[in-house]
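J.: The structure is given below, and queries will be raised subsequently.
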Amino acid sequence: MEYGYIKVKAEEMRLKKGISKNKLCHAAELERKQLNAYCRGKIVRIDLSVLARLCTALECSVNNLLEYVPK
C-alpha cells in the first residue's frame, strides 16, 4: 500500500523570503549540512525543534514548510 509522502518546502520558503543559506543557518542555529538536507528534501525523520527554528527564522508556519502529497 502506498501512502503518498511529505514534501519539505524549506528551499522554496527560503527563496520566497530572499534569505541566504548562511543567514538562515545562523538565524535557525543549524549547521549547513542539516539545512541542505531540509532544502533538498533529503530527510527521513523531521526534527520538531529544527522545524520550529526554521518557522521562526523564516517567519512562517509549519503549513508553509510541509505539504502532504497523496499517491
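Values in this text are rule-based calculations from the coordinates and carry no lab data. Note that this is a predicted model, so its numbers are computed, not measured. Glycine gets a Cβ as well: all are built from the backbone with ideal geometry, and neighbour counts include every protein chain shown.
J.: Just to be sure I understand the model, the point goes 7 Å from the Cα along the line to the Cβ. What's the resulting V69 to R40 distance in nm?
T.: About 1.6 nm, to one decimal.
J.: Among L48, G4, S20, flag the residue with its Cα farthest along the positive direction of the charge dipole of the chain, charges on Cβ as +1 for Lys/Arg and -1 for Asp/Glu.
T.: Looking along the dipole axis, the top candidate is S20.
J.: Under 8 Å for C-alpha pairs, at least 6 residues apart: give me the relative contact order for the chain, rounded to a whole percent.
T.: The value is 53 percent.
J.: Grab the chain and count how many Lys pairs have their alpha-carbon atoms under 24 Å apart, sequence gap of 8 or more, or different chains.
T.: Number of lysine pairs found: 23.
J.: Go through region 29-40 residue by residue and turn each phi into a ³J(HN,Hα) via Karplus (6.51, -1.76, 1.60, θ = phi - 60°); whole Hz please, and just put x for glycine and proline.
T.: My calculation for region 29-40 gives 6, 10, 7, 4, 4, 5, 4, 4, 4, 5, 5, 8 Hz in order.
J.: What dipole magnitude, in Debye to the nearest 20, does region 6-49 give about its Cα centre under +1 on Lys/Arg Cβ and -1 on Asp/Glu Cβ?
T.: Value, rounded to 20: 180 debye.
J.: How far is the Cα center of region 50-68 from the Cα center of region 1-26, in Å?
T.: Distance between centres, Cα-based: 8 Å.
J.: Could you run the Karplus curve 6.51 cos²θ - 1.76 cosθ + 1.60 with θ = phi - 60° over region 21-28 and give me ³J(HN,Hα) per residue in whole Hz, x for Gly and Pro?
T.: After applying 6.51 cos²θ - 1.76 cosθ + 1.60, I find 5, 4, 5, 5, 4, 5, 5, 9 Hz.
J.: Under a crude label model (7 Å from the Cα following the beta-carbon direction), how far is R32 from Y3 in nanometres?
T.: About 3.5 nm separates the two model spin labels.
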